[in-house]
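Here is the structure we will look at.
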Amino acid sequence: MKKAPVKSPTSQPIKRSLIVLTADLDMENAVKGILARGKTLGIREIAEDTDVKFVRHPNRDAGCCKMADSFLRMFCSQYEHALVFFDRDGSGREDLTAEAIESDVEDRLSKNGWENRARAIVIDPELEAWVWSPSPNVDLELGWRNHDPSLRDWLVEEGFLSPKQVKPRHPKEAMERALRHVGVSRSASIYYNLARKVSLAHCTDRAFQKFKNTLTEWFGVV
């Protein structure tokens, strides 16, 4: 009786640390910029070339919201963990809270092979909520360095911000208008640069805090 051939260890799939599904390139770049700051976050290095894979859903926010489980099913044996990022605005489930949407997506991912290894991060209302910070790097990246009036004063004048607010009521519209006002082209690289430079310590956004806590849980340095 012939013995079954012994499989070489190299024939086994190599399990990488993380796969990240995003709604668009802007969001992908923001996540890349944050992941590059492992030391600041207190996590181990997650190398883009060897540890993490980024994929974008062709149906953007709604695709991530409604089809993340089927889209990522083929990857569940190749990656230790999965993260899904999308905006609540445009998800098609604006009738639900961001937390309720996350719970639904995570439940479906769990039932499709990920068990407790996947998390959904729903930004409410949209990614640009992470852009607005008191950091001078925001003015710099948006082309408002040494501009008169200052970016914050202009936001107040235009009705996007009250004097006591930190973030504009309509963060995406505010960002696009601010860029147009100073003649700066909107680019996905802006999100990466901001994510690399702006202090993470003072960001109180709920979705960002969940993202940070998830990274600490999965990749934290003891």
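The table that follows gives values for the structure above.
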{"item": "Stretch gain in nm, segment S70-V55, where the contour uses 0.36 nm per residue and the Cα spacing is subtracted", "result": "4.0 nm"}
{"item": "Zone residues, the range 25-56, relative to A201, backbone N less than 14 Å from point 7 Å out along Cα-to-Cβ", "result": "40-42"}
{"item": "Label selected from [x] 54, 40, 29; [y] 49, 42, 35; [z] 85, 37, 32, the criterion being Cα extents along the principal axes in Å as computed here", "result": "[z]"}
{"item": "Cα-centre dipole for the range 89-145 with unit charges at Cβ (Lys and Arg positive, Asp and Glu negative), debye to 20", "result": "300 debye"}
{"item": "Average accessible surface area per residue within the chain, 1.4 Å rolling probe, Å²", "result": "53 Å²"}
{"item": "Where Rh is the Kirkwood radius over Cα pairs, Rg/Rh for the range 107-214", "result": "1.06"}
{"item": "Max mean-square fluctuation residue, GNM over the chain, Cα-Cα springs under 10 Å, options D104, D69, D49", "result": "D49"}
{"item": "Assigned charges on the beta-carbon of Lys, Arg, Asp, Glu; the chain dipole about Cα centre (debye)", "result": "1100 debye"}
{"item": "Residue-averaged 222 nm ellipticity for the chain, from DSSP H runs of 4+ at -39500 (n - 2.57), nearest 500", "result": "-11500 deg cm²/dmol"}
{"item": "Charge dipole (debye, nearest 20) of the range 102-219; +1 at Cβ of Lys and Arg, -1 at Cβ of Asp and Glu", "result": "220 debye"}
{"item": "Alpha-carbon gyration tensor eigenvalues x 5, square-rooted, for the range 59-166, Å", "result": "37, 15, 10"}
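The values are calculated or read from the model by the stated rules, or taken from the named source; none is laboratory data. None of the values given here were measured: they were computed from a predicted structure. Cβ sites come from the backbone with ideal geometry, for glycine too, and all protein chains shown count toward neighbours. In case anyone asks, the SASA skips ligands and DNA or RNA and just uses the protein heavy atoms, side chains included. Shrake-Rupley method; radii C 1.70, N 1.55, O 1.52, S 1.80 Å.
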